[in-house]
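Below you'll find the structure, written out as structure tokens, and then a few comments.
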Amino acid sequence: MNLNTFQKNTKQRVDSGLTDAIESLPGHADKLKQAMLYALLIGGKRMRPFLVHATGQMLNVSSEDLDGPANAIEAIHAYSLIHDDLPAMDDDELRRGHPTCHIQFDEATAILAGDALQSLAFDILCHYPLRQDSKRIALIRILSKAAGYNGMCGGQAMDLAATDQQISQKQLEQLHNKKTGALLIACVEMAISLADDVSPENKQHLMQYAQTIGLAFQVQDDILDVTSDSTTLGKPQGSDQAQNKSTYPAMLGLRQAQTYLDELHQQALQALRALPYNTQLLVSFTDFVIHRTY
């Protein structure tokens, strides 16, 4: 199966699963349900669910077992974007070419929608049909660490603290390994936890791949904020520079940032070449991350 077909199939599975999860909720707060659905379904590349399913398929995990982690991590991602866009954070009015959640509804509803999506993610992991129920706790542990203080939220706090500050490249990498990388690493780690007989060596190669692709994802994001336009990005271009954020182009210069992205690309492919599996989907995903335009 090629990249486009796999992406399309993954998106259909995730959109259907998350829509069903929210529509099955009781109707005592309909506006909140509408905001949750809006945040989930106004677009998005579904890259994190793709990484869950592609890694899991490579390791012979069933799609049904992967649905829970894929849906849960997309719910976490959607919640993080709602909160990122709030006036107290990045104060953005456009996301994926649509009004952000607090603009479409209101600020209080957006905050609650983010909160509810976060808890929905863990409800999904607790209750979705899983063939080996003993593995459920590992999934919850991985996602809770990646989403919280030791992962995404901690990275977001570091990002806010670094605004208008000069930090080192090592500090910038630590920031993005948490803010962006933690959820991408969790995608791979959850797929590994559902697989049988993944050797410690192969797990190490996969985790190295996940960490590298997480960093590459952020470097390309930073580059696109400089080189792309608002229509293509679906959000305001140049917002990082306007807010004086710490980014790779600001730190290294655009050309050097692109060189660094190329280096990360090769490191990710090298990690995949060390694996005794059919890695073609992950190779295609890597190329997509590096060369994407939005």
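For the chain, lysine pairs with C-alpha atoms less than 22 angstrom apart, excluding pairs fewer than eight positions apart on the same chain, total 22.
For the range 3-291, the residue among Gly43, Gly155, Ile137 whose Cα projects farthest onto the positive side of the dipole built from Cβ charges is Ile137. Taking amide hydrogens as placed 1.01 Å from N in the peptide plane, the amide H of Thr180 sits under 5 Å from that of no residue at least 5 positions away in sequence or on another chain.
Charge tally around Asn71: other residues with Cβ under 15 Å, Lys/Arg +1 each, Asp/Glu -1 each, net -3. Counted by neighbouring Cβ atoms within 10 Å, the residues Met207, Met1, Met36, Met58 run from fewest to most as Met1, Met207, Met58, Met36.
Report the local net charge at Leu206: Lys and Arg +1, Asp and Glu -1, summed over other residues whose C-beta lies under 15 Å from its C-beta. Cβ neighbours under 15 Å give a net charge of -2.
Each of Arg255, Arg141 was scored by other Cβ atoms within 10 Å of its Cβ. Arranged with the fewest first, they read Arg255, Arg141.
Amide H contacts of Asp91 (H built 1.01 Å from N, in plane; Pro and chain starts excluded): Leu86 sit under 5 Å, all sequence-distant by 5 or more or on other chains. Neighbour counts of C-beta atoms inside 10 Å place Asp65, Asp115, Asp164 in the sequence Asp164, Asp115, Asp65, starting with the fewest. Working from label points 7 Å from Cα in the Cα-to-Cβ sense, the Glu173 to Arg255 distance is 2.3 nm. Computed 3J(HN,Hα) for the range 284-290, one whole-Hz value per residue from the Karplus formula 6.51 cos²θ - 1.76 cosθ + 1.60 where θ = phi - 60°, is 5, 4, 4, 4, 5, 4, 5, glycine and proline marked x.
From its DSSP helices (H runs of at least four residues, each -39,500 (n - 2.57)), the chain gives a residue-normalised ellipticity at 222 nm of -23000 deg cm²/dmol. Largest first and in whole Å, the equivalent-ellipsoid semi-axes of the chain read 27, 26, 17, each the square root of five times a Cα gyration tensor eigenvalue.
Loop-resident trypsin sites (Lys or Arg not before Pro) (DSSP state other than H, G, I, E or B) in the range 1-63 with no more than 16 further Cβ atoms inside 10 Å of their Cβ: Lys45.
Rule-based calculations on the coordinates, nothing more; no lab input. Predicted, not measured: the structure shown is a model, and the values here were computed from it. As a convention, Cβ positions derive from the backbone with ideal geometry for all residues, glycine included, and neighbour counts pool all protein chains shown.
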